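The values are calculated or read from the model by the stated rules, or taken from the named source; none is laboratory data. Computed from a predicted structure; not experimentally measured. Cβ placement follows ideal geometry from the backbone for every residue including glycine, while neighbour counts extend to all protein chains displayed.
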Amino acid sequence: TVSRIHNRQFAAKVTTAADAAAAINPGDTVAISGFASAGTPKSVIPALADRIRGARAAGGNFTINLLTGASVSAETERVLAEVDGIALRMPYQSEPTARRRINEGRMDYVDIHLSHVAQQVWEGYYGKVDVAIVEVSGITDTGELIPSASIGNNKTWLDVADRIVLEVNSWVPEAMTGMHDVYYGTALPPHRRPLEITRVADRIGQPTFRVDPSKVVAVVETNAADSASELTEPDEVSLAIAGHVLDFFAHEVTAGRLPAGSLLPLQAGIGNVANAVLGGLDRGGYKDLTCYSEVIQDSMLRLIKDGAVAHASATSLALSAKGLAELTENIDFYRKHITLRPQEISNHPEVVRRLGIIAMNGMLEADVYGNVNSTHVMGTKIMNGIGGSGDFARNGYLSMFLSPSTAKGGAISSIVPMVPHVDHTEHDVQVLVTEQGLADLRGLSPRKRARVVVDRCAHPEFRPLLHDYLSRAEAEPGAGHTPHLLGEAFSFHERFNTTGSMLP
Ligand code: 0RQ
């Protein structure tokens, strides 16, 4: 393969992954590229894990603090977690070994909104960033870096880190160059300026990252694929949820609250439900839809190709091997329809509010009043993290949360009397959707909201229990604005913890 390093200063720093990993010391704060598997460094992290394992075998201790864009490739998260190499993790993870370490109290985890990461690091909440390990797809003759398949926080990592390790991955199609829009205008208060994004396709930055070459301590060449998850065909439950969402859009168009044909920019989480909703849009006769989201998956390429989606903006292109082949073969077409941005811009509250985004995210559970738990199983055990869901839900034009009405074969109701952990408050949640139906909570007081949530969204097996709870709560003397039986509010969860089912 021809080298992607077109600058001599950088070419002179090419070395092995093991050498590059030697730049990392115990106790370092290490910020790496990667967002939903796309763009994770491929070779230096396994070499670092080997070092850590070696240090442990020799009776030493070796941990780092690990900062990322969001989740990174599962292999990467796992090799570091397995050697107990991470002291502190931020801001999002979804890998079982790391999750177990966190829930055992062996790894600190700070779960923050993805749009906040860059500014909080600039503001110094996480101390000094010692090392950045950033995957790029090339280095230009003038020493600028061409981003790979995700941007995430890479601009910030390159700016703030003391030492930089670059992985130049020649697997990333060169023709992707130009899809990226890296914005260099962010400043800390009181010097902030408005972001000039008024349409999804607006470009406000440049196609490359800047880097101070004197900070680059090592450059490693790789040729390795991103490991994006393959999506399965949507099941019946996902299709039913998608059906309710599409009916709702049609209703909102009729009511004059959404433009016919194009709706408003869509944001959808990842996974089967989101995939089913996007698939349904293809059949909904929409043209010129737009997306302003975090991640572009295979289903989006099809929508773009079919003309249903005119433009998609995100921070990560997490494609399967098939999706990547499709992208590469038709790259000149897709480049016109896709923009990749730093996550502080893809998730920016100002832009989300201005564009009027329709935010559709998954949840673990909601309570009868519309408070949503996205992150903590039974209120205590972390699942993944809040990710970008709060950035979009809090500021969107429409904030929707989607979930099957039950989990674990019907033992868990995703509608409960009170959520034992709150990520999205009742004030940020407008619409709840399960396969049972859709609850439109806009304009409803808590008591009215509760009945609508139970009747429309709860599984029929749990509906009588929830109505009984509400009736007795409302009958309490001094029941208040938002009636609850405080001694019973978590009885569903307690029952599950004791018996393995929320059903009596
Ligand atoms: O676990 O597979 O082990 O059985 O949670 O549940 O139904 O497959 O749904 O994949 O959409 O995940 C909230 C986790 C939902 C996700 C969450 C169990 C269930 C299963 C997954 P098993 P499903 P999803 C992205 C915005 C926060 C981050 C975010 C999430 C597993 O959507 O991480 O929104 N969200 N980012 O069995 C116990 C419950 C449960 C439960 C489900 N009530 N109690 N377990 N599960 N409900 C923004 C972008 O733009 C990309």
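In the set (1) crowded, with 24+ Cβ neighbours inside 10 Å; (2) assigned to a helix (DSSP H, G or I), the condition left unmet by Arg99 is number (1). Note on the stretch 445-494: residues that are farther than 24 Å from His244 by Cβ and of a type in the set (Lys, Arg) total 1.
Against the list (1) within 15 Å of the ligand (Cβ to nearest atom); (2) of a type in the set (D, E, K, R); (3) under 28 Å from Ser73 (Cβ atoms), the condition Asp367 fails is (3). Only one of these is touching a Lys or Arg at 6+ places or on another chain (Cβ under 6 Å) and either within 22 Å of Trp157 (Cα to Cα) or hydrophobic (A, V, I, L, M, F, W, C) (or both): Ala47, Ala36, Ala81. Name it. Checking each option against the conditions leaves just Ala81. Filtered by the rule that a residue be among the basic types (Lys, Arg) and assigned to a loop (DSSP other than H, G, I, E, B), the stretch 412-456 gives a lone residue, Arg442.
Only residues that are part of a loop (DSSP other than H, G, I, E, B), of a type outside the set (S, T, N, Q) and over 22 Å from the mean Cα position of the chain (by Cα) were counted across the stretch 125-157, and they come to 7.
Okay, residues lined up against (1) buried (at least 19 other Cβ atoms within 10 Å of the Cβ); (2) touching a residue at least 60 places away in the same chain (Cβ under 8 Å); (3) in a helix (DSSP H, G or I):
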{"residue": "Val277", "(1), (2), (3)": "yes, yes, yes"}
{"residue": "Ile304", "(1), (2), (3)": "yes, no, yes"}
{"residue": "Ala325", "(1), (2), (3)": "no, no, yes"}
{"residue": "Thr328", "(1), (2), (3)": "no, yes, yes"}
{"residue": "Asp332", "(1), (2), (3)": "no, yes, yes"}
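Restricting attention to the stretch 377-390, the residues being more than 9 Å from the ligand (Cβ to nearest atom) and either surrounded by 19 or more Cβ atoms within 10 Å (Cβ to Cβ) or free of Cβ contacts under 8 Å to residues at least 40 places away in the same chain (or both) number 0.
Within the stretch 402-409, is there a residue that is of a type outside the set (Gly, Ala, Ser), crowded, with 23+ Cβ neighbours inside 10 Å and in contact (Cβ under 8 Å) with a residue 60 or more places away in the chain? The answer is yes, given that some residue of the stretch 402-409 is of a type outside the set (Gly, Ala, Ser), crowded, with 23+ Cβ neighbours inside 10 Å and in contact (Cβ under 8 Å) with a residue 60 or more places away in the chain.
For Ala366, the conditions (1) more than 23 Å from Leu114 (Cβ to Cβ); (2) assigned to a strand (DSSP E or B) are fulfilled apart from (1). Scanning the stretch 250-297 for residues that are within 15 Å of the ligand (Cβ to nearest atom) and acidic (Asp, Glu) turns up just one, Glu294.
Counting only residues that are among the hydroxyl-bearing types (Ser, Thr, Tyr) and modelled with pLDDT of 95 or more, which one in the stretch 18-42 is nearest to His180 (Cα to Cα)? Of everything passing the filter in the stretch 18-42, Ser33 is nearest to His180 (Cα to Cα). Kindly provide the set of residues from the stretch 391-402 that are touching a Gly at 6+ places or on another chain (Cβ under 8 Å) and within 8 Å of the ligand (Cβ to nearest atom), ordered by number. Within the stretch 391-402, Leu402 is the sole residue that qualifies.
Among the candidates Arg89, Arg99, the residue that is in contact with a strand residue (DSSP E or B) (Cβ under 8 Å, 6 or more places away or on another chain) and over 16 Å from Pro26 (Cα atoms) is uniquely Arg99. Of all the residues in the stretch 158-179, those that are of a type outside the set (S, T, N, Q), in a strand (DSSP E or B) and buried (at least 23 other Cβ atoms within 10 Å of the Cβ) number 5. Against the numbered list (1) farther than 22 Å from Gly396 by Cβ; (2) buried (at least 24 other Cβ atoms within 10 Å of the Cβ); (3) without any contact (Cβ under 8 Å) to a residue 24 or more places away in the chain, Leu317 comes up short only at (3).
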